[in-house]
Structures are given as C-alpha cells and as structure tokens.
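One structure is given below, encoded as structure tokens.
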Amino acid sequence: MDLKLETRDENGRTIVKVGGEIDVYTAPKLREQLVELVGAGKYHLIVDMEDVDFLDSTGLGVLVGGLKRVRAHDGSLRLVCTQERILKIFRITGLTKVFPISDSVEQAVTAVD
Amino acid sequence: MDAQSSAVGTVAKTESATAVLLRFTPQPEHVRTARLVAVAHARRVGVEAGLLDEVRLAVGEACSRAVGLHQRHCPGEPVVVVLDAIDESGSGLVADRFVVTVADKVSGAVPAPRAGVGAGVAEGAEDEAAAEGEPAAQAEIAEDDDEDLDDAEMGLAVLTGLVDDLDITSGPDGGSVRMGWPVKDF
C-alpha cells in the first residue's frame, strides 16, 4: 500500500495529511516531505494521522526526526490522532510525553504550543 | 548451528503441518509481505481477533530490525521467518500457542533498549540545535546516524512493550526474535 501525503497551510500552520501504512519501506517518503517543508521555512507542522492504517517504529523515528528539525528553528510539530491502535505505540515508547496530540485538525490548528 | 539453521530446525522439531517458513532478501518492501502472512496465518490457527494488530506490528518490527541488520552487515543473506502453532503445554491434543521466530545472521546485535525513549528524544532535539554551527554535510551525517540509532532503539522499545512472550537472543552466528501468542480454544 502506498503512502499518501497531502499538504496545505492553515492559520500559520502546515498540515500534512498522511494516509496508508507508515513502515520501514514507506517512511523515507514521509521523511523527505518533512525535510522539504522545513527546508522551505515551514516550522509549525501538524501531522494528521487519522487515515494511517499502520505505524511502526520507523515511522516514529521519522516523526521524531521531524520534531527535532522544527525545534531547531523554534518550531512545533503536533499530531492529530484518535485511533487507539496508533496511540498505543506512542504510549509504549513514551512519546506521548514528547508529541502534543490533538483529537482533530481544527483543535490542532488553534492549539497553543 | 547458525541462526537460520536454528529457525529452520524449529520447523523440523515441531513436525507440524501448520508451520510456514518465509525466506526473503533484506529489502524493506518485503516486510509488509511478512506482516500480511503472519496475520493471515495467526487468524487461521486461531489467534483471537483482538491480538492480530499486535501480531502484525510485532512481526513487522522484528522483520524491520532483521532487514536493517542484514543491510548493514550481510546484504546477500536472506531473513528467515518461521510461523507455527505449537502444543506448548504438551497436552498432546491441540496447538495452544502461535509462535513466530525471526532469525538474522548478525552476531551480537542485541542492544539494551534505553529506558524512556521519549526522554532521549528531547535530549536529541537539544543536541541538534547545539550542532547547528557544524558544516552542513557533517551535521547531516550525524543526524542520519542518530536516526538509525533511534529507529533501532524504538523498534526494541515497541517489541518489549508490546509482546509479553518475547525472547531476543544473539549468538556468534546470528540472532533471533521469538514471539508467542495464545491460540483460543476451539
């Protein structure tokens, strides 16, 4: 299954809508997208994971890499996720303490980081 | 006996008609295939539906780890996965455990998972900010190395946090990740 990526700007944030499976094969595509956005000066990112069917540690690593990149520019990276099976992976690795996670894009766009 | 021989030997020892053996070149695209096969076989032998997501993620993590190890150390060697339903309790009646073993050919590859991966992430972000003055190429290489390490550590953190019945071993000829889940009563 291919990884689907769509980006749009809203309220000073860049929303990256991700669909499909994020794993060791597809994660590099997400990494490229995040690197490209930061390179273009987009430092406040929202990664919408509501259409993600599968996430593994490689995907987590890419999100962590994205967080490091935006933080280096005093930016932010917020996740949108309500799927229990995905949230469980963030809890197992302790990353719920690192990533702010919103229930909806609307909530994420108005959140203060 | 090397790791792959051990894995193949597992099949022989169980003498089970339900065993499935996968051998694949260490390419990331094959990990999804292994996940799909694992879930299909788990479902067929009677692992309850609520555990199938766990099987999918755990087998994917173990295979991703093996692929990463092989790509760095022995890209010509295949990764071996053995999936089987076994009679672990020795009842002699029915299989009561679904066991997956992912074998690699890399020796001494069992790093200790760092406690609190999340804490390490916060430190890493500060390190990267401090390294901004470095030449771009050098900084990029260091960053890639960090991400590889993060991936390996996080893969182990996910496996250990996810699977109760987990045994990660390493010997001079390779290592293996063995995972087990209960098979529901028929």
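Rule-based calculations on the coordinates, nothing more; no lab input. Since the structure is predicted, the reported quantities are computational estimates derived from the model, not experimental observations. All Cβ positions, even for glycine, are placed from backbone atoms using ideal geometry, and neighbour counts span all protein chains on display.
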Computed for chain A: size of charge dipole around the Cα centre, +1 on C-beta of each Lys and Arg, -1 on C-beta of each Asp and Glu, debye to nearest 20, value 460
Cα extents of the stretch A:4-107 per principal axis, largest first, Å, are 32, 29, 23
Where in the stretch A:26-66 does the label zone of A:Arg91 land, with the point 7 angstrom along Cα→C-beta and an amide N cut-off under 19 Å?
A:49-50, A:52-57, A:60
Simple spin-label model, 7 Å along Cα-to-Cβ: B:Ser91 to A:Glu84 in nm?
2.8
How much mean residue ellipticity at 222 nm does chain A get from its helices, if each DSSP H run of length 4 or more adds -39500 (n - 2.57) and you divide by all residues, to the nearest 500 deg cm²/dmol?
-11500 deg cm²/dmol
Which FRET efficiency value, to the nearest 0.05, do you get for A:Glu6 and B:Glu48 by plugging their Cβ-Cβ distance into 1/(1 + (r/R0)^6) with R0 = 41 Å?
0.70
In a Gaussian network model of chain A with springs linking alpha carbons closer than 10 Å, the residue among A:Arg91, A:Arg78, A:Arg13 that fluctuates most is A:Arg91
Amide H neighbours of A:Val47 under 5 Å, counting only residues 5+ apart in sequence or on other chains, H built in-plane at 1.01 Å?
A:Val16, A:Arg78, A:Leu79, A:Val80
So between A:His73 and A:Glu50, what do we pick up on full extension, going 0.36 nm a residue minus the alpha carbon distance?
5.6 nm
Each residue of the stretch B:54-69 in turn: what ³J(HN,Hα) in whole Hz from Karplus with 6.51, -1.76, 1.60 and θ = phi - 60°, glycine and Pro shown as x?
5, 4, 4, 5, 5, 5, x, 5, 5, 5, 4, 4, 5, 4, x, 4
With 24 Å as the limit, write out which pairs from A:Lys68/A:Lys88; A:Lys29/A:Lys68; A:Lys97/B:Lys184; A:Lys4/A:Lys42; A:Lys68/B:Lys105; A:Lys17/A:Lys88 have Cα-Cα distances beyond it, or answer none.
A:Lys97/B:Lys184; A:Lys68/B:Lys105
In nm, give the distance between the simple-model label positions of B:Gln71 and A:Glu106, each being 7 Å from the Cα along the Cα-to-Cβ direction.
4.1
Fewest to most Cβ atoms within 10 Å: A:Ser57, B:Ser107, B:Ser64, B:Ser91 sort as B:Ser91, B:Ser107, B:Ser64, A:Ser57
Fewest to most Cβ atoms within 10 Å: A:Lys88, B:Lys184 sort as B:Lys184, A:Lys88
